[in-house]
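Right, one structure below, let's go through it.
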Amino acid sequence: MITLKSKREIEMMAESGALLASVHKELRQFIKPGITSWDIEVFVRNYIESHGAIAAQVGYEGYKYATCCSINDEICHGFPRKKVLKNGDLIKVDMCVNLNGAISDSCWAYVVGESTEEIDRLMAVTKKALYLGIEQAQVGNRIGDIGHAIQSYAEQEGYGVVRDFIGHGIGPTIHESPAVPHYGVAGKGLRLKEGMVITIEPMINTGTWKMKMDPNGWTAYTLDGGLSCQYEHSIAITKEGPILLTSQGDEGTY
Ligand code: MF3
Ligand code: CO
């Protein structure tokens, strides 16, 4: 079932999203060589809870942590852990916030210490792919328009678009209908309506889109060991155009 949100509900999700965005802005300073992804987990959970919200991933489908911290070739659902982050690691931090019952979801990518040309280009293309997808999140467009915009751009840049994990409707729970693939055919699929709230969260790989699953049943890795990057926003679809509920304000578009 797809729930259409009222103006008031969208406002509440935007408040939740603003809190989530402020966590990501804090992480820009927090993430540096020598810390661990467990340090990120503790920081994020404390920050969310001390601002009167709930870290909504904890207990979701048996997941144990406030964050997913996926490093280098980990595509998504990396467990926060005590391994020390080193210069040149690419880490994607994904989280969901529940503020007064309103849920938001956003993943952001960070370089630990100094970047490389390979990482810079992958991050730039992944971020641009996200915004090209968001541009298509318009009343009257179709789901396939979003996936097509992302896939055609990322593949033209020589990258692989992950198929096994996709965007989704959000609220009242984390994962709702509709499914929002980051690949597809323009003009195909469900028609987007006023009041839908979805995530767009492309996972883009330097090599193949194919993945392998960790024995832990959660963490996905690139099959070829190449790097993977991800950015995610929660987005409300309105007559006035897409509203970024998790905007960091100064994150740039492309
Ligand atoms: N934030 C993730 C997403 O983008 C949710 C992962 S499911 C969890 O959809 F169990 F890991 F939380
Ligand atoms: Co999501």
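The values are calculated or read from the model by the stated rules, or taken from the named source; none is laboratory data. Predicted, not measured: the structure shown is a model, and the values here were computed from it. Every residue, glycine as well, gets a Cβ built from its backbone with ideal geometry; the counts of neighbours run over all protein chains shown.
Remark: pairs (first residue in the range 49-68, closer than 16 Å to Ser106 by Cβ; second residue in a strand (DSSP E or B) and at pLDDT below 95; Cβ separation under 9 Å; 6+ apart in sequence or on different chains) are absent.
Scan the range 133-182 for residues that are of a type in the set (Phe, Trp, Tyr) and more than 16 Å from ligand 2 (Cβ to nearest atom) and the total you get is 2. Among the residues of the range 130-152, are any polar (S, T, N, Q), over 16 Å from the mean Cα position of the chain (by Cα), closer than 11 Å to Gly184 by Cα and surrounded by fewer than 21 Cβ atoms within 10 Å (Cβ to Cβ)? Yes: one or more hits.
Residues in the range 139-178 that are more than 16 Å from ligand 1 (Cβ to nearest atom) and part of a loop (DSSP other than H, G, I, E, B): Val139, Gly140, Asn141, Glu157, Gly158, Tyr159.
Any chance the range 113-136 includes a residue that's in contact with a Lys or Arg (Cβ under 8 Å, 6 or more places away or on another chain), among the aliphatic types (A, V, I, L, M) and more than 16 Å from ligand 1 (Cβ to nearest atom)? Scanning the range 113-136 turns up no residue that is in contact with a Lys or Arg (Cβ under 8 Å, 6 or more places away or on another chain), among the aliphatic types (A, V, I, L, M) and more than 16 Å from ligand 1 (Cβ to nearest atom). Evaluation of Arg163 against the conditions (1) touching a Phe, Trp or Tyr at 6+ places or on another chain (Cβ under 8 Å); (2) touching a residue at least 60 places away in the same chain (Cβ under 8 Å) shows that the sole unmet condition is (2). Just one of the listed residues (Ile71, Ile54) is touching a Leu at 6+ places or on another chain (Cβ under 9 Å), away from ligand 2 (no atom under 16 Å from the Cβ) and under 18 Å from Ala18 (Cα atoms), and it is Ile54. Each residue in the range 72-88 was checked for being touching a residue at least 40 places away in the same chain (Cβ under 8 Å), under 18 Å from Ala124 (Cα atoms) and either over 16 Å from the mean Cα position of the chain (by Cα) or assigned to a loop (DSSP other than H, G, I, E, B) (or both), and 2 pass. If Gly101 satisfies all but one of (1) crowded, with 19+ Cβ neighbours inside 10 Å; (2) touching a Pro at 6+ places or on another chain (Cβ under 9 Å); (3) of a type outside the set (Ser, Thr, Tyr), what's the number of the condition it fails? Against the list (1) crowded, with 19+ Cβ neighbours inside 10 Å; (2) touching a Pro at 6+ places or on another chain (Cβ under 9 Å); (3) of a type outside the set (Ser, Thr, Tyr), Gly101 comes up short only on (1). Are any residues in the range 198-222 in contact with a helix residue (DSSP H, G or I) (Cβ under 9 Å, 6 or more places away or on another chain) and either of a type in the set (Ser, Thr, Tyr) or modelled with pLDDT under 95 (or both), and if so, which ones? Listed by number, the list holds a single entry, Thr206. Can you find a residue in the range 122-131 that is without any contact (Cβ under 8 Å) to a residue 60 or more places away in the chain and either among the aliphatic types (A, V, I, L, M) or at positive phi (or both)? For the range 122-131, residues without any contact (Cβ under 8 Å) to a residue 60 or more places away in the chain and either among the aliphatic types (A, V, I, L, M) or at positive phi (or both): absent. Give me a count of the residues in the range 181-240 that are touching a residue at least 12 places away in the same chain (Cβ under 8 Å) and part of a strand (DSSP E or B). Number of matching residues: 21.
Lys92 meets all of the listed conditions (1) closer than 26 Å to Asp224 by Cα; (2) away from ligand 1 (no atom under 11 Å from the Cβ); (3) outside any loop (DSSP other than H, G, I, E, B) but one, namely (2).
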